Structures are given as structure tokens and as C-alpha cells.
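Report on one structure; see the data block that follows.
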Amino acid sequence: MTNIVIAGYKGRMGGHIAKLVEEASDMTLAGGADIDAPLKDVIDKADVIIDFTQAAAAADNAELAAEMGKPIVIGTTGLNDEQLSRVKKASERIPVIHAPNMSLGVNVLFHMINTAANTLGDEFQIEIKETHHTKKLDKPSGTAKRMHEIASHDRRNVEVHAFREGDVVGDHTISFESPEEVLEIKHHAKTRKLFARGAVTAARWIVGKAPGLYDISDVLNLKGNR
């Protein structure tokens with residue numbers, strides 16, 4: 001039985017994750033941390049920490065997890081370079097999964113983009129469009145930035161367009177267009193529960209792994225399929 005502690009327990013994502021953990025036959029919800037309940041007070045109960053908080057808190061939580069020798073799955077987005085550096089430093093001591101998007105489908109999308117970008121020539125113009133709800137803080141999204149990183153290979157002019165509308169969970173589209181044809185790859189998130197399911201899947205995978213910085217492509221073994 002894997003004991004899970006959720007950082008950001010009272011948030012919307014924390015609630016979805018807690019429900020999935022409680023329904024799982026191989027996991028136990030051992031504790032929750034939030035603004036009024038510091039992670040340090042419950043971290044000793046954890047086999048794995050799942051973090052959906054704010055950028056600064058996620059970096060702090062990664063450092064605390066490293067001090068305590070606890071694996072951590074970070075679904076928080078919008079970390080700056082300094083915060084990412086702290087997470088990477090923590091991963092030298094513990095296994096850390098940090099992904100711009102916990103959706104299993106989105107990470108298959110990343111794999112497909114990598115294939116397309118490596119196959120199609122420079123005559124293909126690349127455009128990325130993403131839409132999220134109006135309360136999302138980072139713009140463009142971490143997912144769109146990752147799509148850009150994969151598609152550009154430091155040699156392409158990739159346009160990124162970000163939109164904030166209503167309560168859209170998350171839509172991401174990338175198009176490769178030449179004078180003769182268009183290839184379009186799209187992911188549509190129907191519910192936020194998919195991010196929770198991805199995080200729980202990652203928490204199962206990370207148990208017993210060596211220290212290092214991982215992402216969902218490791219969980220799905222997509223890197224071995226490139």
C-alpha cells in the first residue's frame with residue numbers, strides 16, 4: 001500500500017486527486033497539506049507526495065521532500081528558472097516527476113510532435129494554439145511552451161498563440177503546413193480529472209525509482225519508443 005500526501009489538498013485538483021487515491025485499492029490518502037496546513041507537518045506519513053500548489057510552494061516542497069527522502073510528483077506549472085533549478089537540484093537526491101501537463105494524452109501528443117518535427121522539412125510552417133480558462137495564471141501555458149520546445153529544435157520559427165476564455169479546461173493544437181499539405185495534431189481536455197489520473201499514475205510509477213528528474217514520457221515509456 002502506497003501512502004500518498006497531497007500538497008494543495010484543498011484546491012480543485014487536490015480534490016480530484018484525493019478522490020482517485022481513496023478509490024484506489026493500492027493507495028492510501030495519508031495526509032493533505034495546504035496554506036493552513038504545512039507539508040512539514042505531514043510529510044513523514046508519505047511514501048509519495050503529489051504537489052498541485054503554486055510555483056514558489058512547489059519549489060519549497062521539492063526541497064523539503066529531498067531533505068526527507070520522499071519522492072515527489074509535481075503537477076504545478078509556471079515555475080521560473082530559479083524555481084526549476086531548485087527542483088532539479090532536489091532531483092539529485094530523490095526521484096522527482098515534473099511535467100508541464102499530467103495528461104497521458106498530452107504526453108502522447110508530445111511524442112507525436114517530436115516525430116513530425118524530425119520528419120517534416122523546413123518548408124513546413126509550424127503554428128501552436130492553446131486555450132485555457134480565464135483564471136489560468138501562466139500564458140502561454142507550460143504545455144504550449146513544451147510543444148514549442150519540441151517542435152522548434154532551435155531552428156524553426158514557431159508561432160504560439162494563447163487564448164483565455166471562459167472555463168475551458170485546456171485545448172492545444174499544433175499545425176505543420178507546407179504549400180501542398182497541412183498536418184494538424186490536437187488535444188482537447190474534457191475534464192480536469194484527467195490531470196489527477198495522470199498524477200496518480202505517476203505516483204504509482206515513481207515508487208522505488210532512482211533519484212533523477214523524470215516526466216510523464218518516462219512513466220509511459222515513450223522515450224524508449226523514439
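The values are calculated or read from the model by the stated rules, or taken from the named source; none is laboratory data. Bear in mind that the values here come from a model prediction, so they are computed numbers and not experimental data. Here the Cβ is made from the backbone with ideal geometry for all residues, glycine too, and neighbour counts use every protein chain on show. We work out accessible area using only protein heavy atoms, side chains counted, and drop any ligands, DNA or RNA first. Shrake-Rupley method; radii C 1.70, N 1.55, O 1.52, S 1.80 Å.
How high is the relative contact order of the chain? Use alpha-carbon pairs under 8 Å, at least six apart in sequence, and give a whole percent. Working shown, then result.
Numbers: 443 pairs, mean separation 49.3, N = 226.
Rounded, it is 22 percent for the chain.
Long-range amide H contacts for Thr2: which residues qualify at under 5 Å (H placed 1.01 Å from N, peptide plane, sequence gap of 5 or more or a different chain)?
The answer is Met27, Thr28.
Quick check: at a probe of 1.4 Å, how many percent of the accessible area of region 1-63 sits on carbon and sulfur atoms? Intermediate results must be reported in sequence, preceding the final value.
Details: 1470 of 2920 Å².
That fraction is 51 percent.
Within region 108-125, list the residues whose amide N lies under 18 Å from a label point set 7 Å along Cα→Cβ of Glu181.
Label zone hits: 112-125.
Taking the Cα centroid of region 158-211 and of region 44-93, what is the distance between the two, rounded to the nearest whole Å?
After rounding, the separation between the Cα centres reads 22 Å.
Whole-Hz ³J(HN,Hα) for each residue in region 130-137, computed from phi via Karplus 6.51 cos²θ - 1.76 cosθ + 1.60 with θ = phi - 60°, x for glycine and proline: what do you get?
Karplus-based 3J(HN,Hα) across region 130-137 equals 9, 9, 9, 5, 5, 8, 5, 7 Hz.
Can you pull the one-decimal nm distance between simple spin-label points at Ser25 and Lys209, each 7 Å off the Cα toward Cβ?
Simple spin-label model gives 2.5 nm for this pair.
When ligands, DNA and RNA are left out and all protein chains stay put, how many square angstrom of accessible area per residue does region 96-226 have with a 1.4 Å probe? All intermediate terms of the calculation are to be shown ahead of the outcome.
Numbers: 6700 Å² over 131 residues.
Value for region 96-226: 51 Å² per residue.
Using only Cα atoms, find the angle between the long axis of helix 193-206 and the longest principal axis of the chain, and express it within 0 to 90 degrees, rounded to the nearest 10.
For 193-206 against the chain, the angle is about 70 degrees.
Can you work out the FRET efficiency for the pair Lys135 and Asp171, with r the C-beta to C-beta distance and R0 = 22 Å, to the nearest 0.05?
Taking R0 as 22 Å, the efficiency between Lys135 and Asp171 is 0.90.
Counting only GluC sites (Glu not before Pro) that sit in a DSSP loop (anything but H, G, I, E, B) with at most 12 other Cβ atoms within 10 Å, what is the longest stretch of the chain containing none of them? Kindly include the intermediate steps, with their values, before the conclusion.
Values: sites that count: Glu92, Glu123, Glu165, Glu180, Glu181.
Counting only loop sites that pass the neighbour cut-off, the longest clear stretch is 1-91.
HN-Hα J couplings of region 61-77 from phi, Karplus 6.51/-1.76/1.60, θ = phi - 60°, integer Hz, Gly and Pro as x?
Per residue, the Karplus-derived 3J(HN,Hα) values read 5, 5, 5, 5, 4, 5, 4, 9, x, 10, x, 9, 10, 10, x, 5, 10 Hz.
Take region 140-180, compute every pairwise Cα distance, and split them into 10 Å bins from 0; I just need the percent in each bin.
Pairs per bin, as whole percents: 23, 52, 21, 4.
Could you point to the label whose value was computed as Kirkwood radius over Cα pairs in Å for the structure here, given (i) 18.9; (ii) 18.1; (iii) 21.7?
Checking each listed value against the structure points to (ii).
Probe of 1.4 angstrom, ligands and nucleic acids ignored: what's the accessible area per residue over region 38-92, in square angstrom?
Details: 2460 Å² over 55 residues.
Normalised by residue count, the accessible surface of region 38-92 is 45 Å².
May I ask you to derive the relative contact order of region 26-77, considering only C-alpha pairs under 8 Å and at least 6 residues apart, and to give it as an integer percent?
Numbers: 52 pairs, mean separation 18.6, N = 52.
36 percent.
If you roll a 1.4 angstrom probe over the protein chains with everything in place, what fraction of the accessible area of region 86-219 belongs to carbon and sulfur, to the nearest %? Don't skip to the end; give the middle numbers.
Values: 3300 of 6720 Å².
The C+S portion of the solvent-accessible surface of region 86-219 is 49 percent.
Determine which lysines satisfy two conditions relative to Lys145: a Cα distance under 29 Å, and not lying fewer than 8 residues away in the same chain.
Lys10, Lys70, Lys88, Lys89, Lys129, Lys135, Lys136, Lys186, Lys190, Lys193, Lys209, Lys223
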